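The values are calculated or read from the model by the stated rules, or taken from the named source; none is laboratory data. This structure is a prediction, so every number in the text was calculated from the model and none was measured. Neighbour counts are summed over all protein chains in view; Cβ atoms, including those assigned to glycine, are modelled from backbone coordinates with ideal geometry.
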Amino acid sequence: METKKTIFVEKGNYEKDGKTFNRYFVRGTVRGVELEAGVVPPDVGGYRVLDVVYGSEKEAELILTPYEIKDDSGRTISGNTYSVRTVDEDGVVYECKVKPARESDKSMLQMLLR
């Protein structure tokens, strides 16, 4: 029986033009190579939601939700949607959708999730 591996999205900082911003990423090693796949919210307002989800935490659980849809030609397209989730001391769940920051991050994330 396969056990589910918990993956965490870490919260870090970077500076640009004298201001400090948050960044979010999944880190791991694939075939001996250290990878870091960036994730972002679906829109700019999502950064405020991520502030609430993370609170004072430095990491949140990555949640994968598989999907399958059929296009107009009847071909099935499948993949995952992603979100990050934390639970506070009272059991309240906080969640926000995220997506890979760039196409290369999408590829790295797929490798890290294997």
## Note on the structure
Every listed condition ((1) within 15 Å of the chain's Cα centre (by Cα); (2) touching a residue at least 12 places away in the same chain (Cβ under 8 Å)) holds for residue 43 save (2)
### Query
Do we have any residue at all in the range 55-70 that's more than 17 Å from residue 110 (Cβ to Cβ), modelled with pLDDT under 95, over 11 Å from the mean Cα position of the chain (by Cα) and assigned to a strand (DSSP E or B)?
yes
#### Entry: Enumeration of residues in the range 80-93 that are assigned to a strand (DSSP E or B) and either on the phi > 0 side of the Ramachandran plot or surrounded by fewer than 10 Cβ atoms within 10 Å (Cβ to Cβ) (or both)
93
### Query
Are any of the residues in the range 31-40 at pLDDT below 95, assigned to a strand (DSSP E or B) and among the hydrophobic types (A, V, I, L, M, F, W, C)?
no
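Listed here are the residues, each with its yes/no results for (1) free of Cβ contacts under 8 Å to residues at least 12 places away in the same chain; (2) within 15 Å of residue 6 (Cβ to Cβ); (3) hydrophobic (A, V, I, L, M, F, W, C).
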| residue | (1), (2), (3) |
| --- | --- |
| 29 | yes, no, no |
| 51 | no, no, no |
| 70 | yes, no, no |
| 73 | yes, no, no |
| 91 | yes, no, no |
| 94 | no, no, no |
| 101 | no, no, yes |
